[in-house]
Amino acid sequence: MQSLNTRIFIGIAVPVLLALLVIGVALSIPRTGLEFVASDNHLVALIPNGNITDHGSDTSEYSAEEVLAFSTGAADQADYPGDVRLIIEEPDVLETHTEMRTLMHDIGVLTTALKQSRLTLHTELGSYPLQARDATITALPFSFWVQMCAGLAALIICILVWLPGDVSPGKYGFIISGFGYFFALISAGLYSSRELFIDESLFRALSLLNTFSSYLFMSGLALLFWNYPRVLLSPGLNTLLALFPLLLISLAAIPVHDHLAITIYLPFSLLLLIPLVGMVSQWRSNADNPKNRAVLRWILFMLVAITVPAILKLYAPIPQSVLLVSVVFIYAGIMIGITRHRMFDIERWSYRLWGWFLGGLTILMVDLLLASVVGLSQEASLVVAMGIVGWLYFPVRQWAWKRFFERKGNYLEEWLTLSVPELLRQRMDSNQTQQSELRLKNALSAVFRPLKLELSRDNARNGVFNRGTEMVVSGPDGQCIRLLHPAEGRHQFKAADLNIARMIVALDTLITDSLSARADGAREERQRIRQDLHDDLGAKLLRLLHRSQPDNKPLVREAINDLRILLYNTREQGEGLQQTLMRWHDEAITRCEDHGVHLNWQQSHSHARLSAGAIMQTGRALREAFSNAIRNMSHPDISVCVGQQEGYLILTVSNPFQPTSNAPEGAGEGEGMRNIHQRMEQIRGRATFRTHHDKSDTIWTVQLDIPIDVMPPEAS
């Protein structure tokens, strides 16, 4: 597997080199400055100003003269009649191979005579000697540029699909179809945009390339539709399908029959059936997958929208070049499907990679455009070139080199600055393993900035793999951390990066051990304080209980019970929600009986668990809510509802409220309400207070939302 840098380089180099090659071939085709057109089945020459000059073709004023013949100046060659087939846009529309070879031979003879300055044009108004001119980029016809740009667009879309890697058979089919479409379009663009003249050998080669590319395009679509979204063919059948164009092109290169309908159009029609059957098979095999059906529906929509109007000739007559160019919208539609339906399982991080690729390609294309369009004298070109190189090129080149190729962030002070804050970041989660994994992932992401980072338990070997695109490092708990494409795909991993990753893991272990040691020390100190309270204060309260008067003993017993609850709530371990609710329920019943209040307690069964801190803070907040309810109620009735929703324990305390009470606690503005808010914030919970009217009563409600951990029934 190539690195991302290599893939980007190949992806940029291929379209640029192909574009230069195509432009070079186009410039090699001789031109005269005339324009030949068909009119009423006659060949007509548009001659600027009635003359042929050396200053290009200015058709603002021209004379249209019917071509009678071409003479090559050779004594042994007769004049060639001005046949309208000489400017035919596509030679495949002829009926036989013999006619096509004859046409190419005649055009080749005229082209050779033109290059040797022996060709004369005879029209109804006179004769004109023709001279071959050096073509320039600005003189190339608009139809050529349109077809080349459309082919490059399809090719670039296919390269975008290839760049992220993991090429499946369906992706291969799509990429092959893009290359086939590109070569079919540029070959047709070269010979269809000629004036009239083209070398015979070049004409034959471009015609064969066009036929082969058409087969390649259909073969790629067949591979795509038979292997995406599901692979329906074996690797052997896929290989055979990919080799079909090589077999079929031999029928055109070495014709077994003279009629083109048998050697070209019949095989093409049979090959067309293969992707159609593949799409039907995919539709049936994905009946249980709505996502795949949506992808197929989108592809089918794009194919029908482009091809059906052409087949029905709804916008005829139009040139063949326009029909060929319209196929590029199929590739544009598939690109929309990639971003909308995640076709080919391309992940989101690939979009950033596409941005780098398209940015580099755009810069190169602009360079080529400026170099080809701006025309200066040799002296002026030298001065401008020196200024551009000295003032612009080298500074920009140095910046780009540092931006894309120099390694950053691997020095000790830099990666420590990036990793330590993430490793020290604490979250109030009870799952310490997930908390540690999250800290370590954030630290590695901050230092290496990979496009993808994933955890696995497969005990993979540590190291740098796939030519620097992948690095695997072991975590502290035995899991493996896999990082792909560092620096957002712009660099490769090196051996030094593995050492840095190991130091980050070791630093995380050290920080975790330090925090654990600190927590152990605090836990031992709290245990000592609990033991002292139990042994000293508990013993004194018991002695006071035995020596107190009967009227004071209930108060002492309440103090002993409060001490017992305090010691219980300051334990390190949490407990199941059912046990906690049972204790809160018993305490609520006792308080309501002491004040002659009816308690309506409703709760659902749950396998949740509360931490020790949550038990302590929620218990005290609930006790405060009961105190306010008893103090400010208008009727001796309190309702408690306990439920669970989206990871929270929902606990509500409601009672009839007396608005005329002088106690500020009932309005939600007193010290008690503030204490409830603060206790909930300490455990990352929420406390809300509200009133509503029920018949003639005003109901005051306190709602506590406490974060919980859900355990399976077996663990509970």
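Could you tell me which numbered condition residue 266 fails, if it satisfies all but one of (1) within 29 Å of the chain's Cα centre (by Cα); (2) at pLDDT 85 or above; (3) surrounded by 13 or more Cβ atoms within 10 Å (Cβ to Cβ)?
Going through the list (1) within 29 Å of the chain's Cα centre (by Cα); (2) at pLDDT 85 or above; (3) surrounded by 13 or more Cβ atoms within 10 Å (Cβ to Cβ), residue 266 breaks only (1).
Here are some conditions: (1) within 30 Å of residue 138 (Cα to Cα); (2) touching a residue at least 24 places away in the same chain (Cβ under 8 Å). Residue 226 meets all but one. Which one does it not meet?
Exception for residue 226: condition (1).
Residue 251: at pLDDT 85 or above, in the same structural domain as residue 188 (by TED's automatic domain parsing), surrounded by 14 or more Cβ atoms within 10 Å (Cβ to Cβ) and not small (Gly, Ala, Ser), yes or no?
On the way: at pLDDT 85 or above: no; in the same structural domain as residue 188 (by TED's automatic domain parsing): yes; surrounded by 14 or more Cβ atoms within 10 Å (Cβ to Cβ): yes; not small (Gly, Ala, Ser): yes.
When the stated conditions are applied, residue 251 does not pass them.
Please tell me if residue 271 is under 12 Å from residue 218 (Cα atoms) and over 28 Å from the mean Cα position of the chain (by Cα).
Numbers: under 12 Å from residue 218 (Cα atoms): yes; over 28 Å from the mean Cα position of the chain (by Cα): yes.
Answer is yes for this residue.
Report whether or not residue 245 is in a loop (DSSP other than H, G, I, E, B) and in contact with a helix residue (DSSP H, G or I) (Cβ under 9 Å, 6 or more places away or on another chain).
When the stated conditions are applied, residue 245 does not pass them.
Quick one: in the stretch 460-505, of everything that is touching a residue at least 24 places away in the same chain (Cβ under 8 Å) and among the polar types (S, T, N, Q), which residue is farthest from residue 438 (Cα to Cα)?
466
In the set 193, 187, which member is in contact with a helix residue (DSSP H, G or I) (Cβ under 9 Å, 6 or more places away or on another chain), buried (at least 23 other Cβ atoms within 10 Å of the Cβ) and closer than 18 Å to residue 23 by Cβ?
Just a single option satisfies the conditions, and that option is 187.
Would you be able to say whether some residue in the stretch 627-639 is in contact with a helix residue (DSSP H, G or I) (Cβ under 8 Å, 6 or more places away or on another chain), more than 14 Å from residue 588 (Cα to Cα) and assigned to a strand (DSSP E or B)? Explain how you work it out, then say what you get.
Initial filter on the stretch 627-639 (in contact with a helix residue (DSSP H, G or I) (Cβ under 8 Å, 6 or more places away or on another chain)): 627-628, 630-632, 638.
Next, only the ones that are more than 14 Å from residue 588 (Cα to Cα) stay: 631-632.
Going one step further and asking which of them are assigned to a strand (DSSP E or B), we end up with none.
The answer is no, given that none of the residues of the stretch 627-639 is in contact with a helix residue (DSSP H, G or I) (Cβ under 8 Å, 6 or more places away or on another chain), more than 14 Å from residue 588 (Cα to Cα) and assigned to a strand (DSSP E or B).
Between a residue in the stretch 667-691 that is over 18 Å from residue 652 (Cβ atoms) and any residue that is at pLDDT below 90 and aliphatic (A, V, I, L, M), which pairs come within a Cβ distance under 7 Å, given they are 6 or more apart or on different chains?
Close Cβ pairs (under 7 Å, with a partner that is at pLDDT below 90 and aliphatic (A, V, I, L, M)) amount to 684/428.
Could you list, in sequence order, the residues of the stretch 158-195 that are of a type in the set (Val, Ile, Thr) and either under 22 Å from residue 241 (Cα atoms) or assigned to a loop (DSSP other than H, G, I, E, B) (or both)?
Pass one, the stretch 158-195, residues of a type in the set (Val, Ile, Thr): 159, 161, 167, 175-176, 186.
Correct list: 159, 161, 167, 175, 176.
I need the full set of residues from the stretch 274-296 which are under 27 Å from the mean Cα position of the chain (by Cα), exposed (fewer than 12 other Cβ atoms within 10 Å of the Cβ) and among the charged types (D, E, K, R), in order please.
Answer for the stretch 274-296, where residues must be under 27 Å from the mean Cα position of the chain (by Cα), exposed (fewer than 12 other Cβ atoms within 10 Å of the Cβ) and among the charged types (D, E, K, R): 288, 291.
Could you please let me know if residue 631 is at pLDDT below 85, within 19 Å of residue 658 (Cβ to Cβ) and touching an Asp or Glu at 6+ places or on another chain (Cβ under 8 Å)?
Working: at pLDDT below 85: yes; within 19 Å of residue 658 (Cβ to Cβ): yes; touching an Asp or Glu at 6+ places or on another chain (Cβ under 8 Å): yes.
So residue 631 passes the test.
Kindly check whether there is at least one residue in the stretch 534-541 that is among the aliphatic types (A, V, I, L, M), surrounded by 11 or more Cβ atoms within 10 Å (Cβ to Cβ), within 30 Å of residue 8 (Cα to Cα) and not assigned by TED's automatic domain parsing to the domain that holds residue 584. Explain how you work it out, then say what you get.
Narrowing the stretch 534-541 to residues among the aliphatic types (A, V, I, L, M): 537, 539, 541.
Subsequent filtering for residues that are surrounded by 11 or more Cβ atoms within 10 Å (Cβ to Cβ) retains 537, 541.
Within this subset, residues satisfying the condition of being within 30 Å of residue 8 (Cα to Cα) are none.
No, the conditions are met nowhere in the stretch 534-541.
For the stretch 1-24, enumerate the residues that are of a type outside the set (Gly, Ala, Ser), under 30 Å from residue 465 (Cβ atoms) and either out of contact with any Lys or Arg (no Cβ under 8 Å at 6 or more places or on another chain) or assigned to a helix (DSSP H, G or I) (or both). If you could, list the steps in order and put the result at the bottom.
Applying the first criterion (of a type outside the set (Gly, Ala, Ser)) to the stretch 1-24 yields 1-2, 4-10, 12, 14-18, 20-23.
Going one step further and asking which of them are under 30 Å from residue 465 (Cβ atoms), we end up with 1-2, 4-10, 12, 14-15.
Result: 4, 5, 6, 7, 8, 9, 10, 12, 14, 15.
The values are calculated or read from the model by the stated rules, or taken from the named source; none is laboratory data. Every value quoted in this text rests on a predicted model; they were computed, and no experiment measured them. Cβ: placed from backbone, ideal geometry, glycine included. Neighbour counts: every protein chain shown.
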